[in-house]
1. Which part of the range 318-353 falls in the paramagnetic zone of Ser397, meaning amide N under 12 Å from the point 7 Å along Cα-to-beta-carbon?
2. Test of understanding: ordering Leu117, Leu209, Leu100 by Cβ neighbours within 10 Å, fewest first, what list do you get?
3. Choose one of Ile39, Gly70, Leu96: the residue whose Cα lies farthest towards the positive end of the charge dipole of the range 38-127 (beta-carbon charges +1 Lys, Arg; -1 Asp, Glu; about the Cα centre).
4. If you place +1 on the Cβ of every Lys and Arg, -1 on the Cβ of every Asp and Glu, and leave all else neutral, what size is the dipole of the range 288-338 about its Cα centre, to the nearest 20 Debye?
5. Counting other Cβ atoms within 10 Å, keep those with at most 10, restrict to DSSP loop, and tell me which trypsin sites (Lys or Arg not before Pro) in the range 332-396 are left.
6. I want to check the label-to-label distance for Asp137 and Val92. Put each point 7 Å from Cα in the C-beta direction and report it in nm to one decimal.
7. With the cut-off at 23 Å, tell me which of the pairs Lys40/Lys339; Lys300/Lys339; Lys334/Lys427 have Cα atoms farther apart than that.
8. Only Lys, Arg, Asp and Glu count, each charged at its Cβ (+1, +1, -1, -1), so figure out the dipole size of the range 271-413 about its Cα centre, rounded to 20 debye.
Amino acid sequence: MDSERSLPDVSTKILEKSGREGELKSPRLVLASESVAFIKRGARYVPAKQCKLKNSLLAGVGFLELANAGDFAANVWNQLPVPRYVVALMAVGGTLALSLSYFAFKDSKLSWRNLHLLRKERHDLQRQKTQHGPVKDEQIVRDLDTRLDVSFREIGTELIGRIGMDIFMGSGAVVIGIGTFMAIGGANPRVWHASNLLSGYVGNVPLALYALINAAWAVYVWMKAHQHGVAGAKVLHGEVPAALLKRRVRTVQMYAAINGVTSILGGAGSLISATMWWGYMILIVVIISSASCNYIWRRKIAYERPFGRDPIGMTQESLVRELEFVVSVQQILKETPSKPLHRHVLDPLSITSVVEFILYNDLFEDFCVRLVQDTQLATALFGIPEKDLTIDSQSLSMVDKVYAPRILEIADICIRETGPMLFQYRKRYLLETLGCYMCLSQAGTSKTTLDTCSKV
């Protein structure tokens, strides 16, 4: 969890129970689908398609720089005959490099799913902006511009920070692994030369090229966070959102700075290590930094969110209000984790009210997955067809009351187990969107704006 938990007490921001129902009906930045489609896979049902941006970065790719050092024995003991203990080290290094490449290619597949859906969403947003035009509805156009600004950073992260890294470093790991294994048979002159090339510059040059691209992207991310901080400092004074935004800006800037420096050091270290043993000393620092960046991104910065629907005409006030609502829910979940329905829903015994809360807070997919996993209940509610199954909120609201206790119990478990992390993701997305919205708003009203920020 983020360090935002150390913020001053926000209990005064917690919504009164009588007001939560109205809050649920106000415009929401997060608008999840009201139905979930399932397909049968083996003996169980799984969601038919990905419906949200996933925080799916694998922890294993944080150690790809370790694969870069897998040719240590081959480059340091580049001699004939090859000592037996060096052969053992080469076998370990080559196996390690090839094994880590698996995480790179698996992560690229997960990232591609995100990227495909993000590009589709961006195309829809651009089409909607063209349809509305700049003079028809300024608030809707501002909404679309903000979402496009957020999506640009998200697409760049998937394309450069994940797919680019996975392809360049995964391919480099494969080449280095093969070259290291070939070094074991270095008694053959041709094999020896081929090994030197593969485990040397051929395997390391792609990593150095990616380092330059990633460092440039890190600079952009740092500057973008700086713009958000400048914009927030002008209009968010003494509010909980101001403190939250400031913390996120600092976290993103720290991540971007470490990531950029790590990329440059990694690229330089990989080239130096091809001929000089002390290049691996640089790679030790890079390995630790890369793993740290991976952790910071997954646990402190990244978020999950539904993909866009129709624009709602967001405003700074609506974003701040929703952010305060999310913080209040987090506070309640932290203070009273058991029986969360009784604290969050006006009528915790009403399936309609509970489903509405779950739906408006993007818990519906997880809730439906849990319903389907309860075979006895799912059979009673849906009959469990042979192939496909679709669950929608309206049908759940009209189920027989005899099943209500079990449904409410599953809803309680869903909110208690999934809620804390999901509301954390939602808060991060709201802060990202709020920062972009304020930058765009100030760019249209003052010279001390996004343009000014971009010159800093």
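1. Taking a point 7 Å out along Cα→Cβ of Ser397, the residues of the range 318-353 whose backbone N falls under 12 Å are 351-353.
2. Details: Leu117 18, Leu209 14, Leu100 24.
By the 10 Å Cβ count, ascending: Leu209, Leu117, Leu100.
3. Result: Ile39, furthest along the dipole toward the positive end.
4. Values: 7 positive and 6 negative charges, 63 e Å.
In debye, rounded to 20, the range 288-338 gives about 300.
5. On the way: sites: Lys334, Arg343, Arg370, Lys387; in loops: Lys387.
Taking the range 332-396 and a limit of 10 other Cβ atoms within 10 Å, the loop trypsin sites (Lys or Arg not before Pro) found are Lys387.
6. Here the modelled spin labels are 6.4 nm apart.
7. Working: Lys40/Lys339 32 Å; Lys300/Lys339 27 Å; Lys334/Lys427 15 Å.
Lys40/Lys339; Lys300/Lys339, as the Cα separations exceed 23 Å there.
8. Numbers: 13 positive and 18 negative charges, 124 e Å.
The dipole of the range 271-413 has a size of about 600 debye.
Any read-out appearing in this document is the output of simple, stated calculations on the displayed coordinates, not a laboratory observation. Just so we're clear, the structure is a prediction, and the values are computed from it rather than from any experiment. FYI the Cβ positions are ideal-geometry reconstructions off the backbone, even for glycines, and counts take in every protein chain you see.
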